[in-house]
Amino acid sequence: MNKVSVTDLNLYYGSRHILKHVNLEIRERTVMALMGPSGCGKSSFLRCINRMNDLAGDSRVEGQILVDGENVYDRGVDTSLLRKKVGMVFQQPVPFPMSIYDNVAYGPRAHGIRGRSRLEKIVVQALEDASLYGEVRDRLGRPAAGLSGGQKQRLCIARALAVSPGVLLMDEPTSALDPASTLKIEELIRKLGKKLTVVIVTHNIQQAMRLADDAALFLDGELVEWGSSGQIFLRPRDKRTRQYMAGRL
């Protein structure tokens with residue numbers, strides 16, 4: 001079953017045509033890896049799914065993106081509720097300047113949850129789902145700024161998970177991390193992909209091969225090819241995909 005369906009998507013920043021007639025299906029409870037060189041449009045595509053591009057005043061979107069069958073660009077769509085449903089984790093982890101606990105509780109509080117026992121249950125569950133609770137359980141009241149880089153990234157993942165999204169967008173979530181922290185995040189992504197839909201942007205072909213159920217290649221704003229990881233990595237149909245996998249693009 002498809003969780004996200006994209007039809008004839010075009011994105012413009014002012015007069016620049018960033019994404020060109022993109023058509024893509026993203027299956028439920030899978031990890032989809034978006035690959036391609038810098039500036040090819042994959043991160044811009046990611047931000048289209050939860051309308052983060054709306055924050056760029058000169059952006060314009062044409063086409064359709066369905067999440068659970070509803071067009072996220074329909075008039076009247078509440079973007080705060082959309083971003084609750086479609087969470088996002090960025091390349092650089094940026095915890096809020098508050099405690100570990102309050103970082104994770106921030107989203108649920110913003111959506112009206114106030115009861116202490118309910119909040120505590122949500123925070124603990126989100127930290128456990130992000131494979132972080134065991135490392136911070138005795139210092140939840142301490143500032144999140146004291147965490148290591150890898151822990152900060154997992155905290156940002158926990159913060160996104162705390163509002164129970166159905167889709168988690170991840171824009172190069174390990175590019176700023178050391179190998180040990182990267183391994184923990186990759187293990188977490190594989191685990192999360194069994195529960196929800198994860199869409200990850202990565203420059204690392206080996207990482208995509210380790211993580212992805214499905215994969216897609218972007219070049220110059222166009223979606224070159226997409227399919228199962230076995231097909232994309234082992235039997236690519238497009239010559240450009242074969243060249244990219246061989247390091248010649």
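Here E25 meets each of (1) under 30 Å from A246 (Cβ atoms); (2) surrounded by 18 or more Cβ atoms within 10 Å (Cβ to Cβ); (3) modelled with pLDDT of 95 or more with one exception, condition (2). When restricted to residues that are closer than 18 Å to T197 by Cβ, exposed (fewer than 14 other Cβ atoms within 10 Å of the Cβ) and charged (D, E, K, R), the stretch 69-100 contains 1. For the stretch 219-231, the set of residues classified as under 22 Å from G193 (Cα atoms) and either small (G, A, S) or in a strand (DSSP E or B) (or both) consists of E225, W226, G227, S228, S229, G230, listed by residue number.
Do the conditions hold for S43, that is, is it of a type in the set (S, T, Y), open to solvent by 60 Å² or more (accessible area, probe 1.4 Å) and either touching a strand residue (DSSP E or B) at 6+ places or on another chain (Cβ under 8 Å) or touching a residue at least 12 places away in the same chain (Cβ under 8 Å) (or both)?
Against the criterion (of a type in the set (S, T, Y), open to solvent by 60 Å² or more (accessible area, probe 1.4 Å) and either touching a strand residue (DSSP E or B) at 6+ places or on another chain (Cβ under 8 Å) or touching a residue at least 12 places away in the same chain (Cβ under 8 Å) (or both)), S43 does not qualify.
The residues in the stretch 101-112 that are open to solvent by less than 30 Å² (accessible area, probe 1.4 Å) and either among the small types (G, A, S) or modelled with pLDDT under 95 (or both) can be counted, and the count is 2.
In the stretch 61-82, the condition of being closer than 14 Å to F218 by Cα and of a type in the set (A, V, I, L, M, F, W, C) is met by no residue.
Among the residues making up the stretch 130-188, those that are more than 28 Å from R114 (Cβ to Cβ) and surrounded by fewer than 15 Cβ atoms within 10 Å (Cβ to Cβ) are S148, G149, S175, D178, P179, A180, L183, E187.
Residue by residue through the stretch 110-136, note down the ones that are farther than 30 Å from A180 by Cβ and in contact with a helix residue (DSSP H, G or I) (Cβ under 7 Å, 6 or more places away or on another chain). Hits for the stretch 110-136 are H111, I113, L119. For the stretch 183-217, a residue qualifies if it is of a type in the set (A, V, I, L, M) and free of Cβ contacts under 8 Å to residues at least 24 places away in the same chain, and exactly one does: L183.
The residues in the stretch 188-205 that are at pLDDT 95 or above and assigned to a helix (DSSP H, G or I) can be counted, and the count is 5.
Taking D220 as the residue in question, decide whether it is in contact (Cβ under 8 Å) with a residue 12 or more places away in the chain, open to solvent by 10 Å² or more (accessible area, probe 1.4 Å), within 15 Å of the chain's Cα centre (by Cα) and within 17 Å of G36 (Cα to Cα). The answer is no for D220.
Restricting to the stretch 225-243, name every residue that is in contact with a helix residue (DSSP H, G or I) (Cβ under 8 Å, 6 or more places away or on another chain) and either open to solvent by less than 20 Å² (accessible area, probe 1.4 Å) or among the small types (G, A, S) (or both). Scanning the stretch 225-243 gives E225, S229, I232, T241.
Just one of (1) farther than 16 Å from V201 by Cα; (2) under 18 Å from the mean Cα position of the chain (by Cα) fails for G14. It is (2). Among the residues of the stretch 133-176, the one identified as under 16 Å from the mean Cα position of the chain (by Cα), farther than 17 Å from G193 by Cβ, of a type in the set (A, V, I, L, M) and assigned to a helix (DSSP H, G or I) is L155.
The values are calculated or read from the model by the stated rules, or taken from the named source; none is laboratory data. Only a predicted model underlies this, so the values are computations on that prediction, with no experimental measurement involved. Neighbour counts are summed over all protein chains in view; Cβ atoms, including those assigned to glycine, are modelled from backbone coordinates with ideal geometry. These area figures cover heavy atoms from the full protein model, side chains too; ligands, DNA and RNA do not enter into them. Shrake-Rupley method; radii C 1.70, N 1.55, O 1.52, S 1.80 Å.
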